[in-house]
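Heads up: the structure comes next, in structure tokens.
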Amino acid sequence: MTDPVEKLRLLTLNSLLKGGGADDQCVKLVHGLRQLGAEATLAGPADREYSRVARSLGVPLCGTPPEGPLKLRFIWAVAREARRQKVHILHGHQGRDLWPTILAARLSGVRPRIVLTRHMAKSPSSWPSRHFLLSQCDALIAVSRFVAHVLREGDRDPGSPNPERHHRPPLRGDLSKIHVIYGGIDVARFNVRPGSDMAVARLREEWGLKEGCRAFAIIGSMDFPRGKGQREFLQAAARITAQAPQARFLLIGRGNMESLLREDIARLGLQDVARLTGHCQDMPAVMNAIDCMVHSQVGTEALPGVVLEAHACGRPVIASDLDGIPEAFAAGDLGRLVRPESVEELAGAMLTEAKRGPLSETERHLCHDRVARSFSLERSARAHLEFLGGMIPARNMADRPARFTAKAKSRESP
């Protein structure tokens, strides 16, 4: 008598769910896997910002208790849920959840495959993790080729003024367990909108952008020590205002550097052309309301979703040529990469963009289509499902498509 067949059952851990790129990718991935037929569930705190996002998408959420000493309550809750569902895959997303995922899998008693995802462009900080993590998991997914490079070979940038870039050591162990699978963005939401769109027009009016103004925006957290390069952005803005009087400079986001950035605006004489907008919820409208997105990152960067989102809305991007940024930039290939930390190069690229006329609707739509081909949420979910399904014996899987028949292998391209 043959065993009954069943769908892929996956439990994804995330002990944060507060927001940010990793949380967004985690929730959207679970949603995408469910749409493709997998029985995917999210485990994490029930009262966080992205818990509500998960529920709004119809993603089942197993609410976890307060973590407790050594995260034991969290680990036991996940282990019980994994045992109840008899999951095939236990998947950890946050860096702080790597060992809890492993321990929960061991305690579950159902021997799920252990898959970890690394969303950061640096190796785990602890010596035990760097030396033993690969021996305890079945696969480690890197979200970009650069992240995989750091995990496999390490990276050194001793000349950088940013200490976290000086030395990023590699992992030890079976490096063949490291695979590259890109995340994705919602290309249906991040799409080209006309200037007459009500939400877009409202934002431009709110920001004081009159007809003929060219709006440059830097988007992201403004936290010490250096944020996303907002201070460099303002320095570059000060260099081009005389030659590009129509240029305006927006700092979109929030963080503990806000007072310092306001002081920079006053000190650089940018009061009439630069402003902090605060946090914005409708990011597709934001991307369509600006004329050029600047990502002058000075820290580490795995794969910036904000670059993909801007390109998907048909907007040029000026970004630092470091870490995983070129991989995201290449999807739209509209704008320019500049040397990190170089205010001069950043200013030159911004001046060129300020003097260039607006892109045509055709050019914008072509940029969107390039991003959609490589970085849609559906494409990412399918790549994950093919990879994860390939880890499970075929005889246990219901309606197993042909793409699951191959053994799990590295996904080195989008």
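The values are calculated or read from the model by the stated rules, or taken from the named source; none is laboratory data. Since this is a predicted model, take the numbers as computed values, not measurements. Cβ sites come from the backbone with ideal geometry, for glycine too, and all protein chains shown count toward neighbours.
Brief remarks on what is shown
- Taking the criterion of being touching a helix residue (DSSP H, G or I) at 6+ places or on another chain (Cβ under 8 Å) and either of a type in the set (Lys, Arg) or surrounded by fewer than 24 Cβ atoms within 10 Å (Cβ to Cβ) (or both), the residues of region 259-274 that qualify are Leu260, Leu261, Asp264, Ile265, Leu268, Gly269, Leu270, Gln271, Val273.
- Count of region 275-298 residues, restricted to those that are more than 17 Å from the chain's Cα centre (by Cα), in a loop (DSSP other than H, G, I, E, B) and crowded, with 24+ Cβ neighbours inside 10 Å, is 1.
- Pairs with Cβ under 8 Å, 6+ apart, first in region 188-202 and more than 25 Å from Gly32 (Cβ to Cβ), second modelled with pLDDT under 95: Pro194/Glu361; Val200/Pro194; Ala201/Gly195
- Every condition in (1) surrounded by fewer than 21 Cβ atoms within 10 Å (Cβ to Cβ); (2) modelled with pLDDT of 95 or more; (3) assigned to a helix (DSSP H, G or I) is met by Arg172 except one, and the failing one is (3).
Per-residue answers, yes or no, for (1) assigned to a helix (DSSP H, G or I); (2) assigned by TED's automatic domain parsing to the domain that holds Gly19; (3) modelled with pLDDT of 95 or more; (4) more than 26 Å from Gly184 (Cα to Cα):
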residue	(1), (2), (3), (4)
Ser125	no, yes, no, yes
Ser129	yes, yes, yes, yes
Phe132	yes, yes, yes, yes
Ser135	yes, yes, yes, yes
Phe146	yes, yes, yes, no
Arg152	yes, yes, yes, no
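- Given (1) under 23 Å from Ala319 (Cβ atoms); (2) not assigned by TED's automatic domain parsing to the domain that holds Cys137, index of the condition Pro161 fails: (2)
- Looking at Glu378, Glu301, Glu353, just one residue is crowded, with 20+ Cβ neighbours inside 10 Å, under 17 Å from the mean Cα position of the chain (by Cα) and either among the charged types (D, E, K, R) or farther than 19 Å from Ile218 by Cβ (or both), and that residue is Glu301.
- Test: residue in region 69-85 that is in contact with a His (Cβ under 7 Å, 6 or more places away or on another chain) and either farther than 20 Å from Arg9 by Cβ or at pLDDT 95 or above (or both): no
- Some residue of region 135-151 being more than 25 Å from the chain's Cα centre (by Cα) and in contact (Cβ under 8 Å) with a residue 24 or more places away in the chain: yes
- The residue of region 99-114 that is surrounded by the most Cβ atoms within 10 Å (Cβ to Cβ), among those that are out of contact with any helix residue (DSSP H, G or I) (no Cβ under 6 Å at 6 or more places or on another chain) and of a type outside the set (Gly, Ala, Ser), is Thr101.
- Residues being buried (at least 18 other Cβ atoms within 10 Å of the Cβ) and out of contact with any strand residue (DSSP E or B) (no Cβ under 8 Å at 6 or more places or on another chain) - total across region 194-219: 2
- Taking the criterion of being among the basic types (Lys, Arg) and either touching a residue at least 12 places away in the same chain (Cβ under 8 Å) or crowded, with 19+ Cβ neighbours inside 10 Å (or both), the residues of region 25-63 that qualify are Lys28, Arg34, Arg48.
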